[in-house]
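*Asks:* One structure is given below, represented as structure tokens, and several questions about it will come after.
The values are calculated or read from the model by the stated rules, or taken from the named source; none is laboratory data. In this text the structure is predicted, and so the values were computed from the model without any measurement. Here Cβ is always computed from backbone atoms with ideal geometry, including for glycine, and neighbour counts include all displayed protein chains.
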Amino acid sequence: MDTLFPDQSIAVGQTLISQTLIFELGFFSPGKSSNYFLGIWYKSTPETVVWVANRNTPIAEPQGVVLTVVSNQTLVIRRGEIVIWSSGNSSSVASIPVLQLLDTGNLVIIDNASGIWIWQSFDYPTDTWLPGMKMVNDVEGGLDKYLTSWRNWDDPSPGDFVFRIENEGLSDMVLLYGGTKKKFRTGKWNGINFDGLLTDKWDSIRINPRDSCDEYGTCGPNAICKFEKPVICECFKGFAPKLQKDWDSQDWSGGCTRIRELNCEGGDGFLEVERAKYPHMLDYWLNSSMSLSECRARCLRNCNCTAYANPIITNEGYGCLMWFGDLVDIRENLAADIRQIIYIRLPASEIENIIGEGGFGPVYKGNLSGEEEIAVKRLSRSSSQGLEEFKNEVTSIAKLQHRNLVRLLGCCIEGEERMLIYEYLRNKSLDYFVFDQNRRAILTWPKRFDIIMGIARGLLYLHQDSRLKIIHRDLKTSNILLDGNLNPKIADFGLARAFVEDQSIVRTKRVVGTYGYMAPEYAIDGKFSVKSDVFSFGVVLLEIVSGKKNRGFNNHDNCHTLLGHAWLLWKEDKFMELMDESLNETFVESELKRCVQVGLLCVQKFAEDRPVMSSVLFMLGTDGAVLPEPKEPAFFYERSLNPITSVSSPSMKSDNNTMTNTDLEAR
């Protein structure tokens with residue numbers, strides 16, 4: 001039975017069993033102990049006890065001991081008239097109180113006449129947190145529910161470890177030793193999850209602390225713990241180890257200290273740290289309505305403010321959390337699916353705003369007067385690209401407006417300065433994720449498919465829907481930038497060319513582009529058209545699917561390129577083997593198959609065989625459509641080429657009684 005009525009009792013050896021046989025209630029003797037306790041355990045695994053009633057009052061002699069529900073709605077363990085343990089008096093009145101063990105593991109006293117619950121074991125957790133059980137830290141309401149470990153395997157009395165919720169501005173779950181010493185904390189609630197426990201799936205089992213970076217304060221103040229690195233503790237930029245000798249011997253408890261003091265008169269800035277568990281809120285200020293830009297300004301006005309962040313990331317940029325003093329207990333969360341950023345205050349001299357480097361020159365991060373974040377490309381004097389590319393990028397992209405193209409905000413041509421001002425895209429470029437062993441898991445299949453579709457829409461706009469027909473000529477994974485929501489935007493139009501309305505193909509004497517992405521007719525003959533961009537798109541698509549670079553692709557079974565390898569797998573109906581293994585739990589087979597097939601159609605050897613982007617978009621977005629079979633791709637075999645930054649390779653071809661000398665410049 002699962003129910004005990006007032007005229008019934010349970011003695012040692014007797015039990016209640018929940019309705020579907022999940023949980024069992026009765027007296028048990030743990031481990032090697034001869035004492036008895038009333039507890040609840042999983043029926044299939046009796047050693048897994050989830051709740052104990054008389055933790056502090058063990059029963060040495062079980063003879064004559066019974067469990068009953070008495071008339072004042074109280075659960076008691078007694079021997080004759082002697083009460084060994086009681087659940088306490090209830091303020092409610094029940095005409096017929098009954099005890100029932102539920103399938104949730106909750107033991108409840110119910111008024112059998114009204115169905116009202118009088119008492120429940122879930123209000124008195126011991127060492128196990130079951131689904132439906134609440135932890136509470138409500139000082140004003142006088143409620144405090146938390147878990148306490150057993151003393152040892154043989155003794156369920158309260159031990160040294162406590163796991164509880166703390167409501168210091170933001171909720172946090174903490175593991176304490178001896179009542180006060182922190183051993184582990186989950187990180188603050190950010191509106192979606194506890195920021196130190198971010199995950200994109202349920203784990204069958206999780207152990208906390210899961211590693212040394214989960215141990216509270218492993219790296220000391222002003223440092224971040226990166227468990228994947230050979231040396232797990234790392235000072236933030238602008239900080240150095242406080243005790244270098246100890247740091248070198250891997251005693252990081254002393255943490256880090258500032259290299260240069262903050263300048264409270266102005267000139268300070270902030271270092272962005274992404275995917276990090278927020279520091280412990282030892283000394284903080286919290287405001288839920290202030291915008292993040294206002295938070296930044298307020299932090300700069302306070303000499304004691306050392307960092308700020310958006311506490312609840314679902315509040316669309318509103319909310320201000322500021323820290324004062326040292327920043328303690330921060331760890332990196334590479335697997336986190338939520339883009340959470342803390343801004344750490346540094347002197348301007350310590351801030352390096354370079355966020356990228358290309359053939360054009362360095363790319364800096366900055367802010368406009370209205371706090372809008374921007375990316376600034378500055379033409380380097382040593383750049384292989386010059387004024388022509390600068391003008392070309394301005395004139396090309398200034399006329400283009402599409403959600404999947406990076407937005408140009410302005411330019412500078414004062415004196416010798418040549419700068420382009422773009423919207424800032426915080427997630428960097430696509431290759432930053434796709435080819436990284438840890439970050440690739442962030443791009444689940446639905447996100448990758450959305451990115452593929454976004455790139456296709458952007459390219460279709462360039463080829464067909466914009467006022468000018470634009471050939472990008474340098475489409476590659478590193479030229480696809482991602483915004484805060486991982487939406488793709490095609491970037492870098494320095495090599496782009498505009499076609500007049502009736503123009504379909506152009507030949508150039510100066511071939512510029514990137515090995516691995518250039519169509520054969522362009523790389524060899526200098527001919528480019530929309531079909532050369534389609535080829536580049538096909539390479540990018542197959543790289544997104546496989547998580548591998550076409551350039552330098554290495555397969556132990558053959559010497560094919562990624563394109564050749566993909567085609568062989570397709571011919572043998574083994575296209576699933578091409579898929580990035582990190583997609584095993586999220587892929588949609590029909591979409592994956594379409595992407596591989598369309599990618600191979602785009603990289604076919606001859607330009608006339610490749611589809612145009614309108615057809616590409618249709619094929620990708622139409623489930624069940626019958627697609628043509630791809631022919632052999634270009635560059636089927638990988639040649640042994642050394643890394644080259646620039647080559648000059650004359651190619652002599654005769655066409656219409658004219659001779660063309662083509663210079664090939666790889667980037």
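*Asks:* Could we say that ASP533 is surrounded by 21 or more Cβ atoms within 10 Å (Cβ to Cβ), in contact (Cβ under 8 Å) with a residue 12 or more places away in the chain, over 30 Å from the mean Cα position of the chain (by Cα) and within 29 Å of ALA441 (Cα to Cα) here? Spell out how you get there, then give the answer.
*Replies:* Values: surrounded by 21 or more Cβ atoms within 10 Å (Cβ to Cβ): yes; in contact (Cβ under 8 Å) with a residue 12 or more places away in the chain: yes; over 30 Å from the mean Cα position of the chain (by Cα): yes; within 29 Å of ALA441 (Cα to Cα): yes.
Considered against the rule, which asks whether it is surrounded by 21 or more Cβ atoms within 10 Å (Cβ to Cβ), in contact (Cβ under 8 Å) with a residue 12 or more places away in the chain, over 30 Å from the mean Cα position of the chain (by Cα) and within 29 Å of ALA441 (Cα to Cα), ASP533 comes out as yes.
*Asks:* Just checking, how many residues over segment 425-478 are surrounded by fewer than 23 Cβ atoms within 10 Å (Cβ to Cβ), in a helix (DSSP H, G or I) and not β-branched (Val, Ile, Thr)?
*Replies:* 19
*Asks:* Mind counting the residues in segment 18-37 that are over 20 Å from PRO58 (Cβ atoms) and surrounded by fewer than 16 Cβ atoms within 10 Å (Cβ to Cβ)?
*Replies:* Qualifying residue count for the region: 4.
*Asks:* Only one residue in ILE40, ILE109, ILE116 is within 20 Å of THR3 (Cα to Cα), free of Cβ contacts under 8 Å to residues at least 60 places away in the same chain, surrounded by 15 or more Cβ atoms within 10 Å (Cβ to Cβ) and among the aliphatic types (A, V, I, L, M), so which one is that? Break it down stepwise before answering.
*Replies:* Numbers: ILE40 fails: free of Cβ contacts under 8 Å to residues at least 60 places away in the same chain; ILE116 fails: surrounded by 15 or more Cβ atoms within 10 Å (Cβ to Cβ).
Step by step, each of ILE40, ILE109, ILE116 is checked, and only ILE109 is within 20 Å of THR3 (Cα to Cα), free of Cβ contacts under 8 Å to residues at least 60 places away in the same chain, surrounded by 15 or more Cβ atoms within 10 Å (Cβ to Cβ) and among the aliphatic types (A, V, I, L, M).
*Asks:* Mind counting the residues in segment 333-388 that are modelled with pLDDT of 80 or more and β-branched (Val, Ile, Thr)?
*Replies:* Matching residues across segment 333-388 total 6.
*Asks:* Would a scan of segment 251-263 turn up a residue that is surrounded by fewer than 17 Cβ atoms within 10 Å (Cβ to Cβ), over 22 Å from the mean Cα position of the chain (by Cα) and among the aliphatic types (A, V, I, L, M)?
*Replies:* Yes: segment 251-263 contains one or more residues that are surrounded by fewer than 17 Cβ atoms within 10 Å (Cβ to Cβ), over 22 Å from the mean Cα position of the chain (by Cα) and among the aliphatic types (A, V, I, L, M).
*Asks:* For segment 205-258, name all the residues that are hydrophobic (A, V, I, L, M, F, W, C), assigned to a loop (DSSP other than H, G, I, E, B), more than 20 Å from LYS182 (Cβ to Cβ) and free of Cβ contacts under 8 Å to residues at least 24 places away in the same chain.
*Replies:* We begin by selecting, within segment 205-258, every residue hydrophobic (A, V, I, L, M, F, W, C); these are 205, 207, 213, 219, 223-225, 227, 231-233, 235-236, 239-240, 243, 247, 252, 256.
Imposing the further condition that a residue be assigned to a loop (DSSP other than H, G, I, E, B) reduces the set to 205, 207, 213, 219, 227, 231-232, 236, 243, 252.
Next, from what is left, pick out any that are more than 20 Å from LYS182 (Cβ to Cβ): 205, 231, 236, 243.
Within segment 205-258, ILE205, VAL231, LEU243 meet the criteria.
*Asks:* Across segment 556-609, what is the total count of residues that are of a type in the set (Ser, Thr, Tyr) and in contact with a helix residue (DSSP H, G or I) (Cβ under 7 Å, 6 or more places away or on another chain)? Outline the logic, then answer.
*Replies:* Going through segment 556-609, the residues of a type in the set (Ser, Thr, Tyr) turn out to be 561, 582, 586, 590.
Of the ones still in play, those that are also in contact with a helix residue (DSSP H, G or I) (Cβ under 7 Å, 6 or more places away or on another chain) are 582, 586.
Adding up the residues that qualify gives 2.
*Asks:* What's the number of the only condition in (1) surrounded by fewer than 21 Cβ atoms within 10 Å (Cβ to Cβ); (2) modelled with pLDDT under 90 that ASN190 fails to meet?
*Replies:* Among (1) surrounded by fewer than 21 Cβ atoms within 10 Å (Cβ to Cβ); (2) modelled with pLDDT under 90, ASN190 violates only (1).
*Asks:* A further question follows. Only residues that are exposed (fewer than 13 other Cβ atoms within 10 Å of the Cβ), assigned to a loop (DSSP other than H, G, I, E, B), within 29 Å of the chain's Cα centre (by Cα) and among the acidic types (Asp, Glu): list them for segment 571-616, please.
*Replies:* Scanning segment 571-616 gives a single hit, GLU585.
*Asks:* Got a number for residues in segment 307-332 being crowded, with 18+ Cβ neighbours inside 10 Å and without any contact (Cβ under 8 Å) to a residue 40 or more places away in the chain?
*Replies:* So the count comes out to 7.
*Asks:* Can you list the strands (runs of 3 or more DSSP E) lying wholly within segment 1-117 that have 1 or more residues being over 22 Å from SER149 (Cα atoms)? Please lay out each step first, then the result.
*Replies:* Values: elements: 15-17, 23-28, 37-42, 45-52, 65-69, 75-79, 82-86, 97-101, 107-111.
Per the criteria, 15-17, 65-69, 75-79, 82-86, 97-101, 107-111.
*Asks:* Here is a further query. Among the listed residues GLY178, GLY159, GLY169, GLY132, which satisfies the condition of being touching a strand residue (DSSP E or B) at 6+ places or on another chain (Cβ under 7 Å), at positive phi, surrounded by fewer than 17 Cβ atoms within 10 Å (Cβ to Cβ) and at pLDDT 85 or above? Step through it out loud before you land on a result.
*Replies:* Working: GLY159 fails: at positive phi; GLY169 fails: at pLDDT 85 or above; GLY132 fails: touching a strand residue (DSSP E or B) at 6+ places or on another chain (Cβ under 7 Å).
Of the residues listed, the single one that is touching a strand residue (DSSP E or B) at 6+ places or on another chain (Cβ under 7 Å), at positive phi, surrounded by fewer than 17 Cβ atoms within 10 Å (Cβ to Cβ) and at pLDDT 85 or above is GLY178.
*Asks:* Sort through LEU481, LEU495 and tell me the only one that's in contact with a Lys or Arg (Cβ under 8 Å, 6 or more places away or on another chain) and assigned to a strand (DSSP E or B).
*Replies:* Working: LEU495 fails: assigned to a strand (DSSP E or B).
The unique qualifying residue is LEU481.
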